[in-house]
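As structure tokens, the structure follows; a few thoughts come after it.
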Amino acid sequence: MKLYSTNDTNNVVDLKTAVLKSLASDRGLYMPQFIPKLKESFFNTLDTQSFQEIAFQVSAALMENYISANDLMKVCRDTIQFTAPVKHITNNISTLELFHGPSLAFKDFGARYMASLMSHFNKGADKKLTILVATSGDTGGAVAAGFYKVPNVEVIILYPSGRVSPLQEKQLTALGENIEALEIDGSFDDCQSLVKSAFLDDDLNRVYALSSANSINIARLIPQSFYYFEAFKQLPKNKPIVFCVPSGNFGNLTAGLIAKKMGLPVHQFIAATNLNNVVPQYLKSGKFLPMESIATISNAMDVGNPSNFQRMLKLYQDDWNALTQDVVGYFCDDQTTRSTMLKTYTNHRYVLDPHGAIGFKAAEDYLAHHPNTHVCFLETAHPSKFLDVVENTIKSKIKVPQRLARLENEKKVATQLDKNFGNFKSFLLTRK
Ligand SMILES: *Cc1c(COP(=O)(O)O)cnc(C)c1O
């Protein structure tokens, strides 16, 4: 698998480089040069294949010749450790639940696959890989869980003191082993700038093999295509199937488009957003106008300039007409998100999180114009991750899964540092 940069199609690297570097030297995002169609026999036998087998078949088709079948099987087994069940909510709306992993959000799939691939590619190197990551909350939890006890790799997480929720903090600080947490007296931007400076520092690069767990890493994108096949396997086949994707940075939706390109018979995709609606606006007008992000209750989707937009465009050769054949956009505000949560709970006894609620609402809006389809929206996080908003909205208590609830009693272990780069650097050099 060769990959090109979205900024320059002649800038081509192999899979290992793309995975270990994340971002191209020209700051573009890596995309596979060739996306193969899966064989008819794969689709004919989809019903009988396990989620792990599906993951392997899709990976193998994409990465042929760059990693052995045995190693790839191991990566897929490491990743697919939890289910992605489809639940039916109405006659023509289903949901694909992607929150059954350790951090209760779909980002677990990408984080685990990336961790396993990075570990594979760093095997035999003289230094273990050190992942530096700044987090404002959610990503850090998935990355910490994804890399936990993975050989050849350690993770150093920087988070802003007092600005992540208590449970999120425990997700970062209670694991131990190869996961180290630094509590920075500063903002998320301060954490990010410490990480950026470290990557550019010669002394640190002599001592460490530094890498990032950036959300735009191709190894986080690829596994997100697996569950579209897994969902399709479980869905009724008597009507055209439409996937509805609550989106922020548009990695999830891009992965769905890749699955379609590999032959999955999806009728259309719905790009569902909150008021950060630059992509739905683009689909309507043909103009891409990035904006400052707006804070909403579906905060994992508060992205004003979605990075994967360039990847979506490349899949359609920068052709707006072609893209709008496959993708339609809908968006809604917080009030509508809340009323959707309440209505869905009252009418169907299904508890949505604020991100999934935007998916459900977009599915309803779409069905009003396309009645003869079946819409499956992605439920991207477990509602208990947004406990206050959810319980206040549906006026009921909900059950917190054991893997989240137990964190309350775990011990926080973190090193406190200020936002001075010199101090951060000497900390890194002396811990070695
Ligand atoms: C990250 C995230 C999203 C947005 O996904 P993208 O791939 O960035 O579009 C949606 N919902 C939840 C809960 C998330 O954590």
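A short reminder: the numbers here are calculations on the coordinates, not readings from a lab. Please read these numbers as outputs of a predicted model, since none were measured by experiment. Don't worry about glycine lacking a Cβ; one is built from the backbone with ideal geometry, like all the others, and counts go over all protein chains shown.
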| Whole-number D in µm² s⁻¹ for region 16-59, Kirkwood Cα-pair radius fed into Stokes-Einstein, 20 °C, 1.002 mPa s | 165
| Kirkwood-based Rg over Rh for region 253-298 (C-alpha set), two decimals? | 1.06
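So, by mean Cβ neighbours within 10 angstrom, what's the order for 232-239, 72-79 with the highest one leading? Write out the running numbers ahead of the final one.
On the way: 232-239: 14.5, 72-79: 19.9.
Result, highest mean Cβ count within 10 Å first: 72-79, 232-239.
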| field | Square roots of 5 times each gyration tensor eigenvalue, C-alpha, the chain, largest first, Å | value | 33, 26, 21
| message | Quick check: Cα centre of region 1-56 to Cα centre of region 133-183, how many Å? | response | 27
| Given 15 as the ceiling on other Cβ atoms within 10 Å, longest exposed-site-free region of the chain for GluC sites (Glu not before Pro) in DSSP loops | 293-409
| remark: For region 297-372, listing trypsin sites (Lys or Arg not before Pro) in a DSSP loop whose Cβ sees at most 13 other Cβ atoms within 10 Å gives Arg349
| field | Sequence ranges 414-427, 140-153, 272-285, ranked by mean other-Cβ count within 10 angstrom, highest first | value | 140-153, 272-285, 414-427
| query | From the backbone phi of region 180-188, what are the Karplus-calculated ³J(HN,Hα) couplings (6.51 cos²θ - 1.76 cosθ + 1.60, θ = phi - 60°) in whole Hz, Gly and Pro given as x? | reply | 10, 10, 10, 8, 9, 6, x, 9, 4
| message | I need the P(r) histogram for region 218-326: all alpha carbon pairs, bin width 10 Å from 0 out to the longest distance, whole percents. | response | 14, 46, 32, 7, 0
| request: For region 1-159, count the residues as N, evaluate 2.2 N^0.38 Å, and divide the Cα radius of gyration by that value, please. | output: 1.14
| request: Post the alpha-carbon centroid distance, region 188-234 to region 285-359, in whole angstrom. | output: 23
| request: Quickly estimate the mean residue ellipticity at 222 nm for the chain, helices only: each DSSP H run with n ≥ 4 gives -39500 (n - 2.57), and the total goes over all residues, rounded to 500. | output: -13000 deg cm²/dmol
| query | Hey, what do the phi angles of region 163-176 turn into as Karplus ³J(HN,Hα) couplings, whole Hz, using 6.51/-1.76/1.60 and θ = phi - 60°, x for Gly and Pro? | reply | 10, 10, 5, x, 6, 4, 4, 5, 4, 8, 10, 9, 6, x
| query | Residue by residue through region 22-32, which ³J(HN,Hα) values in whole Hz follow from phi under the Karplus form 6.51 cos²θ - 1.76 cosθ + 1.60 (θ = phi - 60°), with glycine and proline marked x? | reply | 6, 10, 5, 4, 8, 6, x, 9, 6, 9, x
| query | Counting every Cα pair in region 69-185, what percent are over 19 Å apart? | reply | 51
| task | Have a look at Phe331, Phe269, Phe121 and tell me which one the Gaussian network model of the chain (Cα, springs below 10 Å) gives the largest fluctuation. | result | Phe121
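Give me the percent relative contact order of the chain, please, defined on Cα pairs under 8 angstrom at least 6 residues apart.
On the way: 823 pairs, mean separation 78.4, N = 432.
It rounds to 18 percent for the chain.
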| note | Computed over region 275-432, the relative contact order (Cα-Cα under 8 Å, seq sep at least six) in percent reads 16
| task | Search the structure for amide H atoms under 5 Å from the amide H of Glu154, placed 1.01 Å from N in the peptide plane, and list their residues when 5 or more places away or on another chain. | result | Leu129, Thr130, Ile131
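Does region 284-432 classify as rounded, prolate or oblate by the C-alpha gyration tensor (a ≥ b ≥ c root eigenvalues; a/c under 1.5 gives rounded; else a/b over b/c gives prolate, otherwise oblate)?
oblate
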